[in-house]
Amino acid sequence: MHKLIFSLLSIASISLLLLFHGSEARQRELPLPNACHFSQINSLSPAHATKFEAGQMEVWDHTSNELQCAGVTVARITLQANSIFLPSFFSPPSLAYVVQGEGVMGTIASGCPETYEEAGGGVGGDMHRRFEDMHQKLEDFRRGDVFASLAGVSQWWYNRGNSDVVIVIVLDVTNRENQLDQVPRMFQIAGSKTQEQQQPLTWPSGKNAFSGFDPNIIAEAFKIDIETAKKLQNQKDNRGNIVRANGPLHFISSPSRQWQQDGNGNGIEETYCTARLHENIDDPERSDFFSTRAGRISTLHSLNLPVLRLVRLNAIRGVLYSGGMMLPHWTANAHTVLYVTGGQAMIQVVDDNGQSVFNAQVQQGELLVVPQGFAVVKTAGETGFEWIAFKTNDNAYMNTLSGGTSYLRAVPVDVIKAAYGVTEEEAKRVKFSQQETMLAMTLSS
């Protein structure tokens, strides 16, 4: 009897274990087999642009070998002055980087309280205030801001400036929070289909979520009339997902964003409603590596923005001055998706077989994927070089091949002699000549 009970318990334990592991496996869709086998890597430009009333959304080809290797897809949003990118969400988590412009961003997380409230004054000095509006908290944004977004959390962006706002978004389609496939999907809460003929790579490509419901159901759900319900469906609207605002928008905002920068709130334990969702990594004083001659690098990871533990991405902002070099290095535990925000540079990438798979110049607006472990070196052109890199690990780390904290600095001189067939004097020069850790000037500068 005891043996029977033990056997049944063992079977049950094994079944639960298999169920658990099966669930975990289902929760993360792996990149396609052999997607990271390259004879040559190509820099990428947007494959298609969808134009809206007051802006456009450009998308990269998510079927390219490079993006399939990294397990991500990329979009670039341009908002004209006084326009709104209407509320929408993506199925995978994402990071957004503000390339230029400023404005206000709203995050709409179901279940979070409307912590911003406005009340109007009572009539004739009445102590009872008249309710005006309430909504979830808003965030001011400016160039250099990185915003994290979880799967299924809706966002909207408002350009309140006089020039275009440009935002680059990287979506981790292989993240375990994305239960769908690797085809990018944007779910529109508002907005409509444009008159433009849709192409296979175009997203968004449909109407908003209300469009598919019976107007009577919408009317019942919101306790509104049928005509208003039909307006929510945007049935006669072809402006798309970026529309022009009728004059400056009014909403409740906090007096300063400084309090958000000062706090180190735990984005996991405090819940998403109160987590700090963004940080600016463009300010020079925030640099992790800085050289007065070569440039600067700032990193954003889950140790300084805890919510990235859920998003499972991080970001690096780099600036090289003319003739500056980011020393040869590789990322040990992540793929790198590099977007050029300014200038130009020569970049070389070497694979696991020691073969050069990329050796070309990249310029503003282009995208380059560097797979995990591939060695890379960047050398800025005459006008300098600026980029934002997204890495597919919330705590990605780099190893350098040369420099003060590099692989070769850690290796004994005799090992260098044996490994490369050099003299002791040559081995010492290889090991100690480069004193910089990450950024240096080229000899021709």
* Pairs, please: C-beta under 7 Å, at least 6 apart or cross-chain, first residue within 20 Å of Phe38 (Cβ to Cβ) and in region 373-387, second surrounded by 18 or more Cβ atoms within 10 Å (Cβ to Cβ) and of a type in the set (Gly, Ala, Ser)? -> Lys378/Ala345
* Asked: If the Cβ limit is 8 Å and pairs must be 6+ apart or interchain, which residue in region 210-221 that is of a type in the set (Ser, Thr, Tyr) pairs with which residue that is open to solvent by 90 Å² or more (accessible area, probe 1.4 Å)?
  -> Ser211/Gln235
* Asked: If you go through region 292-306, how many residues are buried (at least 22 other Cβ atoms within 10 Å of the Cβ) and closer than 18 Å to Val72 by Cβ?
  -> 1
* To do: Determine which single condition Asn238 fails, assuming it passes every other condition in (1) at pLDDT below 85; (2) open to solvent by less than 90 Å² (accessible area, probe 1.4 Å); (3) within 19 Å of the chain's Cα centre (by Cα).
  => (3)
* Residue check: is Ala334 among the aliphatic types (A, V, I, L, M) and either open to solvent by 40 Å² or more (accessible area, probe 1.4 Å) or farther than 28 Å from Thr292 by Cα (or both)? -> yes
* Odd one out for Arg130, checked against (1) open to solvent by 20 Å² or more (accessible area, probe 1.4 Å); (2) modelled with pLDDT of 85 or more; (3) in contact with a Gly (Cβ under 6 Å, 6 or more places away or on another chain) -> (2)
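The values are calculated or read from the model by the stated rules, or taken from the named source; none is laboratory data. Predicted model only: the values in this text are computed from it and were never measured. We place every Cβ from the backbone using ideal geometry, glycine too, and count neighbours over all the protein chains shown. Side chains are part of the model used for accessible areas, which takes the heavy atoms of the whole protein and leaves out ligands, DNA and RNA. Shrake-Rupley method; radii C 1.70, N 1.55, O 1.52, S 1.80 Å.
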